[in-house]
Structures are given as structure tokens and as C-alpha cells.
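Contents: one structure, followed by commentary.
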Amino acid sequence: MGELFETIRTGAAEADRVGRLPDTVVNALVEAGVTRRLAPARFGGGQLDLPAWVAEIEALSAADGSAGWTAMTTSATSALAWYLPEETADEVFSPPDAVVAGTAAPRGTLTGDRVTGRWGWGSAVDWCTWVVGGISTPEGPRLALFPRADVIVHETWDVAGLRGTASHEWEVVDAFVPADRRVWPPSLHVEAPLPSFPFFSFLAMGVASVCLGIAGRALDEVESTDGLLDLATADARLAAARAFLRAEVDERWASALTGGESTLRQRARLRLACSHAAHEAVSVTRSAFEVAGGSAVFSSSPLQRCLRDVHVAAQHAMVSRRLFETYARVRLDLPVDTGRL
């Protein structure tokens, strides 16, 4: 992985400047298999255990937030291979260079077998082979798979951070989507540890791990001897947030290995750990930026990119601070919407 990390670091400044990952980085991610880490082994997937996955995403994000985010969203989406009908999964994931990503929010509308809709946060969609979009159907929400040829990308990703993710808006117009390309994983039971894990937690864990990686990189970039107390405190806070997240992931993964189902409170606590990690990472990165002093403001310093990237990553709805209230309400048996847990 050392060569992959070096390729990512080398391309980070260019990705931030031009608003997309360099082809060298994209090709390296695909060739290393990180874009399908959670897919079954029969598709060349890593079939990686989730504790190892969050550690890898954090490490990749320390090399560059945009590359780590891209690895996270594509590998998390590769978990769909567990839930699709066998022929559909073969069609989508059998090519060794297949990459799948998209947006789960139900912004599309199904009419018969045709879908029209427009989505945001389309990270990596521009170089995917298949794209996933959430849709509304008479039976409830579904995730629909579109071949890349059916997708129109609108270049709207003009943002402060994670610029290299190219998370543009994208659209389909009257796209044909047969029933075998519409799936809703939370309603399905698949006999394997990874599909037994709470489905909506994949993305939340991934976003949190990206934030932790960026914050770790920010601390590594500090060379000033000023503010030593603040730096030590930030380091301790980052380690504590990481430990909380990994402990919850380890516990839920151990349950999945034995076929056990997580309780509502356990799922809520995992999401609490994800949101806590993301927001502690923001605070830690800000502390590192402040301790570094004036040198951090120059574009030559990775610290300013870390500051921008972590703020954008932590804005994602999957790690919203609203999850703190959700957990508290679940813990106290108060009314709360738990549909996304």
C-alpha cells in the first residue's frame, strides 16, 4: 500500500486545484482494489471485515481527504453486490475495472419501469461504470442501478473542501430500470456477516473514518513548538474519538459474525460514535491549524486543505449532530424517527 499512498499524496494538490482526482490516482485506487473492498470475493472484491475497512479508509484519508472519500464511497457502494439478484450482480460487478457509486437519497421517481430524477453529492460518479440512485416507488424507497451511459453529470461541485471528489449533481431522464436493478438492502436478509451489519451504518462509518484520517494528517503536519498543550489535548481527543468508533464497530462486527441482530439502541450508539468522531475531527483539525500559525494559511501547506476538507466531510447528513439527539431519545425511550438507523 506504500506506493498507493505515495501516488495519492503526490496527486493531492492537483486534485484540489482542478476539482477532480488525477487519472493516476483513480487508476491506482481501482488497481489496488480499494473501490470494491466490501464486495464479495467472487467479484474480485476484498470481502473485507468492517474493522479493517474503517482503518484503511482512515489511512487513505490521511494521504488525501478527497482520495480517501472516493475510496470510501465507492467501496461502501460495492457492498450492494451482496444484495442484488445473482445475474444482476454479475452484470454490474464482474468486469475487473467496474466501479459503482451514487446517492442514496430518494430523489428519483419510478413510473412503470422508467426513472427520472436529479441527485447531489455524486462523488466519483463521473468515472463510474454504474451509478446508484435512491428512488421513490409505490412499495417504498429503493436503490436503482443505472449504466453510466444513462447518467448526465452537471458540473456543480464548486466548494471549499473535498474538491477532488468531483461530487457533482447528476441526473437521469426516463431511464429504463427493470425490477432486478431495484433493491432495498434493509429489507433483505443475506446469510453472511457483512450484509448482517446495519446497512445505513456503512456510509456513516466511512464518513467518520475520512474525518479521522484528515485530522490525523493535520496533527502530523504541525511543526511549531508553540501551543504544545493545545496540540497534546487535540491528539488525546482524536485518539479517544477513534477508540470510541472502533470499539462500537468491533462490537457490532462481532455480533454480525455470529448472526446476531443489533438492537435499536446498539445501532443508535454506533451512529453516535460516527457523529462524535466526525465532529471531534473538525475540532482537532482546527486546533492543529491554529497551533501551526501563519504558515498554515499558504496553499503550499497541507494544513489549509485539511481544514477545508474536514469541514466539508463533517457536513454530511450521515454524521449530522442530529444523531446525538436521536441516540438520546432512543436511550430514554422517547419518540424518534429511526428509519435511517
Qualifying residue in the range 236-254 (condition: of a type in the set (Phe, Trp, Tyr) and in a helix (DSSP H, G or I)): yes
Ala15 being in contact (Cβ under 8 Å) with a residue 60 or more places away in the chain, in a helix (DSSP H, G or I) and under 27 Å from Arg308 (Cβ atoms): yes
Looking only at the range 168-195, and only at residues there that are at pLDDT 85 or above and part of a helix (DSSP H, G or I), the one that is farthest from Glu91 (Cα to Cα): Pro193
Residue in the range 202-223 that is under 23 Å from Phe324 (Cβ atoms) and either in a loop (DSSP other than H, G, I, E, B) or modelled with pLDDT under 95 (or both) present: yes
Scan of the range 297-316 for residues that are free of Cβ contacts under 8 Å to residues at least 24 places away in the same chain and surrounded by 14 or more Cβ atoms within 10 Å (Cβ to Cβ), ordered by number: Gln304, Gln315
Positions within the range 224-243 being buried (at least 18 other Cβ atoms within 10 Å of the Cβ) and modelled with pLDDT of 95 or more, in sequence order: Ala234, Leu238, Ala241, Arg242
Every residue from the range 317-341 that is of a type outside the set (Lys, Arg) and touching a Phe, Trp or Tyr at 6+ places or on another chain (Cβ under 8 Å): Met318, Leu341
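The values are calculated or read from the model by the stated rules, or taken from the named source; none is laboratory data. Since this is a predicted model, take the numbers as computed values, not measurements. As a convention, Cβ positions derive from the backbone with ideal geometry for all residues, glycine included, and neighbour counts pool all protein chains shown.
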